[in-house]
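Report on the following structure.
The values are calculated or read from the model by the stated rules, or taken from the named source; none is laboratory data. Fair warning: this is a prediction, and the values are worked out from it, not measured in the lab. All Cβ positions, glycine included, derive from the backbone under ideal geometry; neighbour counts span all protein chains shown.
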Amino acid sequence: MFDGPFAESMLFKAQHKKLIKIELIDLRKFGIGPRKTVDDTPYGGGGGMVLRPEPIAAAVVQAKQSNSAAKVVLLAPSGQQFVQALASQLSRESGLILICGRYEGVDERVTSLVDLELSIGDYVLTGGEIPAMAVVDAVSRLIPGVLGGAASAEVESFSDGHTLEYPQYTKPEDWNGLKVPPVLLSGHHAEVAEWRQAQALKKTASRRAGRTSK
């Protein structure tokens, strides 16, 4: 599942330039018994399967061998909401070990190994792989050198924790009767900056009405 996203675009270039290193660890390698079982039925009954703690613990031990200081993160719907400010914070860590939940989740005792639980939204996916990809992408692009321009990651949506980025325009100046705002063609940097700030606040108010940031 990870081969496509991690082998394309910025993430591929960042790995090629050795700005980031991504290692994939298959839980099956640490599975129980001849069938390498990694899950079992939940105690107390109920549908679905639960990931056992032993394979996850063994995988974390292996990951720690590469970086003992890496922060262990569990992707789970019950986790803390993953926002831009948290992505920025995690980009300054020496490393991250991401545990992808599956099925009905992981044995609760796994949380004793975890430094942080993260959720990318209040909805449920079939597994933690897609959330892990989102975290890797959001965090990696904030590491110096990964993006082309130094300001690319500084002036964008949520860079201050809640404000959306201002509207962007490029050529042509007139497309199907829709024209680029004259202020962006004026060359007056102060006026452009003022317009962008006003538009960012306007967009945030209209598209994030009723939402609060923490």
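Restricting the first member to segment 129-147 and to residues that are at positive phi, and the second to residues that are surrounded by fewer than 17 Cβ atoms within 10 Å (Cβ to Cβ), the beta-carbon pairs closer than 6 Å and six or more apart or on different chains are GLY145/LEU19. Evaluated against (1) under 23 Å from TYR166 (Cα atoms); (2) modelled with pLDDT of 95 or more; (3) surrounded by fewer than 18 Cβ atoms within 10 Å (Cβ to Cβ), ALA138 falls short on exactly one condition, (3). Return the residue satisfying two criteria in turn: it lies in segment 188-214 and is at pLDDT below 95 and in a loop (DSSP other than H, G, I, E, B), and of such residues it is surrounded by the fewest Cβ atoms within 10 Å (Cβ to Cβ). Of everything passing the filter in segment 188-214, GLY210 is surrounded by the fewest Cβ atoms within 10 Å (Cβ to Cβ).
When each of ILE130, ILE97 is tested for being buried (at least 19 other Cβ atoms within 10 Å of the Cβ) and closer than 29 Å to THR41 by Cα, the lone residue that passes is ILE97.
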